[in-house]
Amino acid sequence: MEEIIIGCHVSYTKDSGLVGSVKEALSYGANTFMFYTGAPQNTFRTPVNLENLKQAYQLMKENNIDINNVVIHAPYIVNLANNKEPEKWDFAIKFLKEEISRSQVFGVNKIVLHPGSHVGLGTEVAIQNIADALNIILKGEGPSILLETMAGKGSEVGKTFEEIRAIMDKVENKQRIKVCLDTCHINDAGYDVKNFDKVLEEFDKVIGLDKLACLHINDSKNDLESHKDRHENLGLGHLGFDTLIKVIYHPKLKKVPKILETPYVSENNDSKKRLYPPYKFEIAMIKNKKMNDNLISDIRNYYK
Ligand code: FE
Ligand code: FE
Ligand code: ZN
């Protein structure tokens, strides 16, 4: 079987720690994973439990999970682009410095970051703010920050490869600034993922393929250039299964970890109460390279 590095977003809680995250990833048949070091929508964080960490490393070793493929996602409320309120901008910088220290405790060397939203300041000013912040944050050696390509919802910066490149050009610590490409986001931003070779060529020309350190694999609920950012389960959106399989198995991206962030599935079409993770079934489809036409009902039947 072809070796692919495939995983998904998993939870991390203060009680089950990284052991819980690794177990969750393994339960889906994943060989890597991505987690938030606390709630994605806030910046409250608890210290890492070192005994738990030791156990997690043992579990990863036993199951061939390479920590170099594991990814931390910074909370999405951190906005380096907007410095209208200096205290908030300073707090975002302080938080990211701490996030880097936490990543080092975990031994994780990839931190995905949304570049931010300019909220009226304009893209050019925002790009400078982001770079200024990163130049404070990225001193010496340590984990890399992966700027994520964005859908261009609201005033998001990073909706084109050129905007990402413009930030990178201003960052002094070149070896610690990389990129995470999200298939849903670039579709919504206007890149035709169905013509993926062309998109990758464009990425290489503008940013450089050597900078691509993570892929977020998501289908999209919306059309090309919709600027919506609504993820869909694999094969059920605008991109479709064959397109995503082409991305996942692309020969130039073999070493790049691929992370699913597709939506949880509701108990039935009306219920919003119970939600089930789709990843076990999506990863199975990916490994088989075959769409499961009963994806949603299989997920519901398995977890109910
Ligand atoms: Fe993200
Ligand atoms: Fe993403
Ligand atoms: Zn998204």
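Points worth noting:
- Total residues in segment 248-278, condition touching a residue at least 60 places away in the same chain (Cβ under 8 Å), out of contact with any Asp or Glu (no Cβ under 8 Å at 6 or more places or on another chain) and within 16 Å of ligand 3 (Cβ to nearest atom): 2
- When residue 159 is tested against (1) out of contact with any helix residue (DSSP H, G or I) (no Cβ under 8 Å at 6 or more places or on another chain); (2) within 15 Å of ligand 3 (Cβ to nearest atom), exactly one condition is not met: (1).
- Residues that are crowded, with 23+ Cβ neighbours inside 10 Å and of a type in the set (A, V, I, L, M) were ranked within segment 251-265; the one that is farthest from ligand 2 (Cβ to nearest atom) is 260.
- Hits in segment 95-122 - residues which are surrounded by fewer than 17 Cβ atoms within 10 Å (Cβ to Cβ) and touching a helix residue (DSSP H, G or I) at 6+ places or on another chain (Cβ under 9 Å): 97, 105, 107, 119
- Per-region count, segment 57-77, residues surrounded by fewer than 20 Cβ atoms within 10 Å (Cβ to Cβ) and either closer than 17 Å to residue 147 by Cα or within 16 Å of ligand 1 (Cβ to nearest atom) (or both): 2
- Failed condition for residue 187, given (1) under 30 Å from residue 246 (Cα atoms); (2) polar (S, T, N, Q); (3) away from ligand 2 (no atom under 16 Å from the Cβ): (3)
- Against the conditions (1) surrounded by fewer than 23 Cβ atoms within 10 Å (Cβ to Cβ); (2) more than 14 Å from ligand 3 (Cβ to nearest atom); (3) more than 19 Å from the chain's Cα centre (by Cα), residue 126 satisfies every one except (1).
- Scanning segment 279-290 for residues that are free of Cβ contacts under 8 Å to residues at least 40 places away in the same chain and under 20 Å from the mean Cα position of the chain (by Cα) yields a total of 1.
Yes/no per residue for (1) closer than 21 Å to residue 26 by Cβ; (2) among the aromatic types (Phe, Trp, Tyr); (3) assigned to a loop (DSSP other than H, G, I, E, B):
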{"position": "68", "(1), (2), (3)": "yes, no, no"}
{"position": "76", "(1), (2), (3)": "no, yes, yes"}
{"position": "81", "(1), (2), (3)": "no, no, yes"}
{"position": "90", "(1), (2), (3)": "no, no, no"}
{"position": "99", "(1), (2), (3)": "no, no, no"}
{"position": "126", "(1), (2), (3)": "no, no, no"}
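- Residue count, segment 199-235 (criterion: closer than 15 Å to residue 291 by Cβ and within 16 Å of ligand 3 (Cβ to nearest atom)): 5
- Consider segment 198-236 and keep the residues that are acidic (Asp, Glu) and within 17 Å of residue 160 (Cα to Cα). The one that is nearest to ligand 1 (Cβ to nearest atom) is 229.
- Taking the numbered list (1) part of a loop (DSSP other than H, G, I, E, B); (2) surrounded by fewer than 20 Cβ atoms within 10 Å (Cβ to Cβ); (3) in contact (Cβ under 8 Å) with a residue 40 or more places away in the chain in turn, residue 53 passes all entries but (1).
A short reminder: the numbers here are calculations on the coordinates, not readings from a lab. Bear in mind the structure is a predicted one, so any value in this text is a computation, not a measurement. All Cβ positions, even for glycine, are placed from backbone atoms using ideal geometry, and neighbour counts span all protein chains on display.
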